[in-house]
1. Out of all the residues in the range 221-237, which are of a type outside the set (A, V, I, L, M) and either over 16 Å from Y171 (Cβ atoms) or in a loop (DSSP other than H, G, I, E, B) (or both)?
2. List every residue pair whose Cβ atoms lie under 7 Å apart, where the two residues are 6 or more positions apart in sequence or sit on different chains, the first residue falls within the range 214-240 and is on the phi > 0 side of the Ramachandran plot and surrounded by fewer than 20 Cβ atoms within 10 Å (Cβ to Cβ), and the second residue, located anywhere, is at pLDDT below 95 and outside any helix (DSSP H, G or I).
3. Of the conditions (1) under 25 Å from M238 (Cβ atoms); (2) more than 22 Å from the chain's Cα centre (by Cα), W210 clears all except one; give me its number.
4. Only one residue in Y196, Y202 is among the aromatic types (F, W, Y) and either in contact (Cβ under 8 Å) with a residue 40 or more places away in the chain or part of a loop (DSSP other than H, G, I, E, B) (or both). Which one?
5. So which strands (runs of 3 or more DSSP E) are wholly in the range 71-163 and hold at least 3 residues that are over 19 Å from F257 (Cα atoms) and at pLDDT 90 or above?
6. Please specify each residue of the range 171-184 satisfying the condition of being over 18 Å from C50 (Cβ atoms) and within 8 Å of the chain's Cα centre (by Cα).
7. In the range 241-253, what residues are at pLDDT 95 or above and surrounded by fewer than 15 Cβ atoms within 10 Å (Cβ to Cβ)?
8. Could you figure out which of (1) under 23 Å from C186 (Cα atoms); (2) surrounded by 18 or more Cβ atoms within 10 Å (Cβ to Cβ); (3) small (G, A, S) isn't true of A133?
Amino acid sequence: MWPLRLLPPQPPDYQYTGLRSLLHNHEPHQYGEIIPNRAVYAKRLTPVNCYYDSVQLKCLRESEAGNGVNYSRACGVLFTPSNLFRVYHSRDVAMRFFKTGEENLLALLNSVFTGYMPNDQRGVLVFGADWLAANSILDNYLNDKVIPPSKSGELAGEILNTTNLGNPLFYLPLRSEALELLRLMCFPDWRKSLMYYASVSYARQEQTSWSFQHENRRVYIIADLNLTNLAILLRGMMKNPTEPLTLICLPWQHELFWKLIQEYGGDRANVQLVLLHESFMDNLINNHMKPYWG
């Protein structure tokens, strides 16, 4: 990602057609006056495609009345052209949080970023240790897990599921392959582009939705690791185990989705798990997204 610029100046009144200008609104910068570093970096003049550390963001509170934001579990904020992501690290479990602290953080973000704002401002991006936390998050939601009372008498907070912290909830495991999804998120309407090229690659259909009908089967593109949508899909599988389904994902996601099919769908002879080509994401980013956005 681009280096941090904590207080970006307010950009002009950008329309969606001006997102190319947003993406390229940066200038060269050297940090040698602070540390002995003569490398030239790209310094953003707007917040787009920057990551903001939560500790520094919390320092922007205008008064002590904003202290409730301290209860937020967010590590930081990732500001992309299409999403304002609050970022969390769930490690190997579904973490617990206090909703008031997260709502206070969201209110703070709305006051800090006063220029261009993406349409989706309530999504979250959760990192975890491989697939352990993802399985835990889905399990809590689909099986209605209840938090036992704390032995120490302290409030336990809410346990994370696929909707209660933010909607949608995207998950990235801490592994190198996941970086290709993170790179894709830097482009406007990245999900629509992913769905479009995946549907063309698989079915020669120009679709921008994550679900569509093809040859008497319901097709779901789940390569974006949107756990909110995935929970809807799995609940549907539990209710109707005989429906013919085709699930499309990236090769490195196969382990997670195959396990979920077995856990929530039983013996799923009617479910096809289709893997996109190994070079699909590289082709999408370097041959389609980068040239289009200049």
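The values are calculated or read from the model by the stated rules, or taken from the named source; none is laboratory data. What you are looking at is a predicted structure, and each value in this text was computed from that prediction instead of being measured. In this analysis, Cβ positions are derived from the backbone assuming ideal geometry, glycine residues included, and neighbour counts consider all displayed protein chains.
1. D224, R235, G236
2. If the second residue must be at pLDDT below 95 and outside any helix (DSSP H, G or I), the pairs left are N216/P244.
3. Status for W210: all satisfied but (2).
4. Every option except Y202 fails the conditions.
5. Strands (runs of 3 or more DSSP E) meeting the threshold: 76-79, 84-91.
6. Y171 - this is the single residue of the range 171-184 that is over 18 Å from C50 (Cβ atoms) and within 8 Å of the chain's Cα centre (by Cα).
7. Answer for the range 241-253, where residues must be at pLDDT 95 or above and surrounded by fewer than 15 Cβ atoms within 10 Å (Cβ to Cβ): just P251.
8. (1)
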